[in-house]
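Let me begin by presenting the structure, written as structure tokens, before commenting on it.
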Amino acid sequence: MNKTRGYAAAAVKAPLGPFSFERRAPRPHDVSISIKFCGVCHSDIHQARDEWGGSIFPMVPGHEIAGIVTAVGAEVTKFKVGDRAGVGCLVDSCRTCAQCHEGLEQYCASGAVWTYNSRDRDGTPTMGGYSDQIVADENFVLRLPERLPLDATAPLLCAGITLYSPLAHWHAGPGKKVAIVGLGGLGHMGVKLAHALGAEVTVLSHSMKKHDDGLRLGADHFYSTSDAATFTKLAGAFDLIVNTVSAPLDWNALVSLLRVDGSMVVVGIPEGQVALGALGLVHGRRSIAGSAIGGIAETQQMLDFCGEHNVTADIELIPIQKINEAYERVVKSDVRYRFVIDLASLGAE
């Protein structure tokens with residue numbers, strides 16, 4: 001076993017604090033990674049505060065992990081010591097169901113094993129990236145592009161793939177008009193990726209405060225959803241809308257912005273039920289869909305694409321001692337656009 005240092009939530013809504021625990025000794029197909037940076041995802045907050053239910057405590061959050069390989073199992077073929085490597089939201093799946101065979105491990109029929117707040121196949125609770133090391137099966141470890149900085153690459157492991165997957169699946173690219181709803185940790189990655197894919201990109205935000213940022217990130221247009229004129233002007237304008245917002249929104253109004261055969265894909269999860277009428281879907285053969293992250297192969301494809309196009313997250317680097325303050329700022333949308341923990345700060349404990 002490997003003694004590991006990190007930060008954990010001891011109970012529901014408890015502040016995160018120093019925590020020591022054991023990682024398994026590497027198995028034949030395992031890769032040990034010294035974690036250098038870990039992004040802070042809003043889902044970390046939801047789960048640490050048990051807002052989705054079923055949280056396991058103590059909990060070490062974190063699923064945007066970037067680091068360096070320090071050891072490999074005897075049968076590992078994909079990595080060697082010294083490689084740059086990452087771990088995203090998944091650390092295992094059944095590997096036998098139809099979805100796993102199709103590279104859709106995130107939709108595993110038996111249930112994927114998540115990087116934290118989950119249980120490994122032997123029942124051991126998984127612990128995430130707010131820690132100094134992680135051990136994972138090589139089949140769930142990602143190669144990180146050499147040309148990209150590790151700190152700004154870390155958020156690609158969740159925020160990046162969460163947006164890349166629907167953009168790729170719904171064929172965002174040249175000739176397509178894509179709207180990104182919300183310009184936060186997810187939305188800013190959606191703008192960068194849709195732009196890199198060659199689409200015409202519009203940001204739909206609740207206000208115009210981030211207008212200049214939106215254009216800097218690659219948007220061609222920027223509109224406020226608080227302005228009723230937006231929905232008149234943009235009626236039937238988009239091939240694809242990716243909705244990153246978890247706060248209550250009028251989905252019917254957003255659907256009205258789709259072209260015939262257009263789709264709105266939901267990646268932000270509202271806490272309650274959302275009212276949606278059939279009329280807007282029927283009149284235009286429009287679709288509404290949801291999307292989670294991506295499978296391992298698609299996540300690697302996304303990382304390689306980002307390496308080729310120099311796409312990373314806009315980050316604010318913090319020491320782990322500031323994590324509770326960072327959580328409060330995320331809830332208030334006071335970050336542009338992703339907090340990333342520098343795990344070297346654990347040495348200051």
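The values are calculated or read from the model by the stated rules, or taken from the named source; none is laboratory data. Computed from a prediction, not measured in an experiment: that's the story for all the values here. FYI the Cβ positions are ideal-geometry reconstructions off the backbone, even for glycines, and counts take in every protein chain you see.
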Notebook entry, point to check: Picking from 55, 43, which residue would you name as being at pLDDT below 95 and within 20 Å of the chain's Cα centre (by Cα)?
Noted result: 43
Next item on the list: Only residues that are in a loop (DSSP other than H, G, I, E, B) and under 23 Å from the mean Cα position of the chain (by Cα): list them for segment 231-268, please.
Entry: 244, 245, 246, 247, 248, 249, 267, 268
Check: Out of segment 200-221, which residues are buried (at least 21 other Cβ atoms within 10 Å of the Cβ) and either at pLDDT below 95 or of a type outside the set (Val, Ile, Thr) (or both)?
Finding: 204, 205, 210, 214, 217, 219
Checklist line | Search result, residues across segment 58-84 that are under 15 Å from residue 343 (Cα atoms) and under 19 Å from the mean Cα position of the chain (by Cα) | finding: 60, 61, 62, 63, 64, 65, 66, 67
Notebook entry, point to check: So which residues in segment 136-153 are in contact with a Ser or Thr (Cβ under 9 Å, 6 or more places away or on another chain) and buried (at least 17 other Cβ atoms within 10 Å of the Cβ)?
Noted result: 136, 138, 140, 142, 144, 145, 148, 151, 152, 153
Margin query: Based on this model, can you work out whether residue 285 counts as charged (D, E, K, R) and on the phi < 0 side of the Ramachandran plot?
Written below: no
Next item on the list: State whether one or more residues within segment 21-32 are within 21 Å of residue 158 (Cα to Cα) and within 21 Å of the chain's Cα centre (by Cα).
Entry: no
Check: Do we have any residue at all in segment 168-182 that's touching a strand residue (DSSP E or B) at 6+ places or on another chain (Cβ under 9 Å), more than 18 Å from residue 90 (Cα to Cα) and assigned to a helix (DSSP H, G or I)?
Finding: yes
